[in-house]
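In what follows, a structure is listed as structure tokens, so that the remarks can point back to it.
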Amino acid sequence: MSTTVGEIIESIGENDAHLAVQRTATAANYDETYAYSRDNVLSCWLTLVLITLASAALATVTLEFIDKDKR
Amino acid sequence: MPETTMENMPETTQEKSGERHITLRYRGRGSQIWIYLGKFLRMFVYQNDWKVLPMAAVIAGLVAMVTRFMFFRTMEGTLMSAFALTCVGIWNGCFNSIQVICRERDVVKREHRAGMHISSYIIAHLIYQALLCLMQTAVTVYVMRRVGIEFPENGLFTRWAVVDIGFTVFLVTYAADALSLWISSLARNTTTAMTIMPFVLIFQLVFSGGMLTLPEWSKPLTDMTISRYGLTALAAQADYNSRPLVSAWSSLISMRNSDITATVTVGQVLDYLADEENPGAAELRAVEFTQTMTSEQVLSLLRSDERTANVLRTVGDEVLLRAIGDGPVEIRFTLGEVVDGMAAKGRGKSP
Amino acid sequence: MELVLIILFGGKSWYTVAMSALYIVGLYGLLKKSGVPGWWALIPCAREYMLACCAGREPEGRVTSLTSFFIIVLDAGIYLTGVYGADWETIIGAVGTLAVLEVALELILLIYTLRVCGGLVEVYGEKRRWLWLWVFADFIPALIWGWGKKYQPAWKVEDIRRELRAATSSGTAEVLEDGLTVNLRVRTVTEFFRKKILLRDIHLSIPPGRMVLLLGGSGAGKTVFLNAVSGYEKADATVQLGGRDMYREYKKLQYQVGYAPQQDTLRGKDTIYNTLMDAARLRLPKDVLPSERRDRVDEVMDIFGLTPSRTHLVEKLSGGQRKRVSIAAELISNPTLFILDEPDSGLDGVMARELMEELRQIADTGKIVIVITHTPDRVVDLFDDVIVLAKDEKRVGRLAFYGPIDDARAFFGKTSMEEIVKSINAPAVGGEGRADEFIGRFMEVQHA
């Protein structure tokens, strides 16, 4: 049996094929990491805040050693 | 009030016991924060720190022009745009503060010697940088809207998605800002700081986890990046999972003229057509065929099959001919009937 | 066990272990000859630093030591990846990455080792062709030089412990109720694996109202001394200001000390007025009223002639004006002890003189003013006393003289301060090299 992709699409119907492919591909690419939920976003926000605080603490500790700078 | 001169300025002398003790107190950490914050706010004007705002606008404009037809519309576009927006935030944040401490290291050392608390100095910087990041975020979001990016209507936390997304961009910018502040405190001079900066940026971009497929062992590194959490939050807020994935269809369309050759057996075709529940097969089964035959051809056809030949012998040719008539005979049948007949024949049953 | 061999000997093959062991034996002898405890040869990373010290290449030694440390870490990482790696792909990927890093570090180590070995060749007075052996088969020269009687170093590394145990001056300066009393026994610093003595045996008392010149050649320890006196860097010392222990009560007494550094460490993008006002807010007591604070700032600006340019940015000022702002910022808190490190550097003679005269007036109000300057003779008449620091033969900063200016001239037999500095400087820098003579003589005077 020999045909082209276009002919198969036409035999199914372009709109129907488009919807079917899109639906299937979208579902297959579902990623829990990017779930549209408050918990997900909140956990990211909290981590960013923790990174900020940790960096600030490290900056403070580092700068306390400024006395040790050589001339 | 006595005139203040060098002679009668209070000194921190503790007089001997039995006499009046004078204990002088100096500004604590809290007060020092405001002194330094005031200084940094003056720097905003005198040191031209305000330049970061038009720069943020330019960067936002460039990114928005590229992503405006993708963001919030498709899966791929949303992920790429979220990544781009995260990069904008990290870039702005890093360059806000990478030089602020190392360029005045000698001054900090001198003031520390004179009683400045390092924590007050850092907190003042953090407050000032927070204001700067807030302004940059506002500029970024405003420019993106003006260039044409259509933000969703409702947010997860507030009524406006633009506010939620803006808050995420602010947190990304601020986290990068704080990280750069630490690097600035480590570096002895601005040259060292600017040399370290590209490596920090590359690390953030490469290990963000959104754009490059990373090996399993790099997951701990990804979890340490600001970009990973920024990207995740932005993509989540943009409802990545409900956006359509368009690349699959685009790939298929681009192969429209590509040949497909397949080898199928008759049995596979018959099996497909025999499946009445398959909508495609059901459609095909319902296809009607019409065959026109003469009475002689009909008789010949009936005689060719043993079962119908027996019926003919019983009934007799003349009876059948009278029934058919002299004119051509139209026989209508569906593909499904043909398939069922062939299947029955295959099972040895009468059709 | 293999991991231990990698850490101690840099590899686990019998050949590597044998060569390293022979090198360690040779190094043991080398270190002992140079006055360094031989057991340092057994400690990875430290042995590289000690060898560099023996070669007079301490800075290179720090690099070789650190580089060796990271190479050991990488080797251990490669070994552990091979043992515990989950799959072949991960192992190859990780080992490849680590190996690339190790190659880079080995190149750095090679270059710095060459420098260290070059120094060693000089110290032992041998031909430079020995360098080839040091690079390619270091155990051979290590064994030969370490245990061969014919090979002796030209000098030995200082034995700090012996120095620290050495009899120090038992003199102490009289504690003044008002004024500054310094009894500094020793000031050391630990750099890498070695302790260094920077200053020793400095005992003096300075009454209030004195302007004191601090003299000394380059590297004599003037700034180290001032940092120890101001309490910023602690020494094994007792420093008392107005009868109070500077070290115990540093948090309170730090506002009594003004320190104007040599560089004008000021924020250029701020006005004079704001700079001084912030200094006043930081350094004056909390309960000083805002109006008093303003008055004080105005007063200090008046003293230094900064009032006309109060709204100018610091970066737009001339060198002399910036110096004045720097000094004014320290004077704001009315400190009892005022220390200035080369306040006249970069100023012409007239401006330098004017500045010193202002400092003289400050001293006349009952403050102690200590000044370092490299052009003392043009302003020496403004000073009451002079402290002369000098490096002795062991390169430790010592007190060569403290007392009135005229007494200093008589003591050193010189007419100018610059001639005094020249007499105590080492011959290598154009001096007379008489530091030890004056140090010893002054110690006798103090004990007398």
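The values are calculated or read from the model by the stated rules, or taken from the named source; none is laboratory data. From a predicted model like this one, the values you see are computed outputs, not experimental measurements. Note that we place each Cβ from the backbone using ideal geometry, even for glycine, and neighbour counts take in every protein chain shown. To get the accessible areas, we keep the full protein, side chains included, count just its heavy atoms, and leave off ligands, DNA and RNA. Shrake-Rupley method; radii C 1.70, N 1.55, O 1.52, S 1.80 Å.
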From C:115, C:187, C:200, C:165, grab the single residue that is within 26 Å of the chain's Cα centre (by Cα) and modelled with pLDDT under 85. C:165
At least 1 residues that are modelled with pLDDT of 90 or more, over 28 Å from residue A:25 (Cβ atoms) and of a type outside the set (S, T, N, Q) in each: list the helices (runs of 4 or more DSSP H) lying fully within region B:150-264 that qualify. B:161-186, B:190-206, B:226-237
Can you tell me which residue in region B:267-295 is farthest from residue B:341 (Cα to Cα), limited to those that are at pLDDT below 80 and open to solvent by 90 Å² or more (accessible area, probe 1.4 Å)? B:279
Mind listing whichever residues of region B:48-95 are more than 16 Å from the chain's Cα centre (by Cα) and among the charged types (D, E, K, R)? B:49, B:51
Identify the residue in region C:132-158 that is farther than 20 Å from residue C:21 by Cα and among the aliphatic types (A, V, I, L, M) and, among all such residues, is least open to solvent (accessible area, probe 1.4 Å). C:157
Does region B:119-129 contain at least one residue that is free of Cβ contacts under 8 Å to residues at least 24 places away in the same chain and either within 10 Å of another protein chain (Cβ to nearest Cβ) or surrounded by fewer than 17 Cβ atoms within 10 Å (Cβ to Cβ) (or both)? no
State whether one or more residues within region C:205-214 are within 26 Å of the chain's Cα centre (by Cα), within 13 Å of chain B (Cβ to nearest Cβ) and open to solvent by 20 Å² or more (accessible area, probe 1.4 Å). no
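Yes/no matrix, rows are residues, columns are (1) of a type in the set (Asp, Glu); (2) assigned by TED's automatic domain parsing to the domain that holds residue B:166; (3) free of Cβ contacts under 8 Å to residues at least 40 places away in the same chain:
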position: B:212; (1), (2), (3): no, yes, yes
position: B:215; (1), (2), (3): no, yes, yes
position: B:223; (1), (2), (3): yes, yes, yes
position: B:227; (1), (2), (3): no, yes, no
position: B:239; (1), (2), (3): yes, yes, no
position: B:252; (1), (2), (3): no, no, yes
Looking at residue B:245, is it touching a residue at least 12 places away in the same chain (Cβ under 8 Å), under 27 Å from residue A:23 (Cα atoms) and open to solvent by less than 60 Å² (accessible area, probe 1.4 Å)? yes
If you take the residues in region B:161-178 that are closer than 15 Å to residue B:82 by Cα and within 8 Å of chain A (Cβ to nearest Cβ), which one is most open to solvent (accessible area, probe 1.4 Å)? B:167
Of (1) closer than 26 Å to residue C:314 by Cβ; (2) within 11 Å of another protein chain (Cβ to nearest Cβ); (3) part of a helix (DSSP H, G or I), residue B:89 satisfies every one except (1)
Among the residues of region C:403-448, what is the count of those that are part of a loop (DSSP other than H, G, I, E, B), within 21 Å of residue C:384 (Cα to Cα) and not β-branched (Val, Ile, Thr)? 3
Expected output for region A:1-18 (first residue closer than 18 Å to residue B:263 by Cβ, partner outside any strand (DSSP E or B) and among the polar types (S, T, N, Q), Cβ below 6 Å, 6+ apart or cross-chain) is A:4/B:257; A:5/B:258
Tell me whether region C:222-237 contains one or more residues that are outside any loop (DSSP other than H, G, I, E, B), among the hydroxyl-bearing types (Ser, Thr, Tyr), farther than 28 Å from residue B:37 by Cα and more than 9 Å from chain B (Cβ to nearest Cβ). yes
On the basis of being away from chain C (no Cβ under 11 Å) and at pLDDT below 90, does residue B:73 make the cut? yes
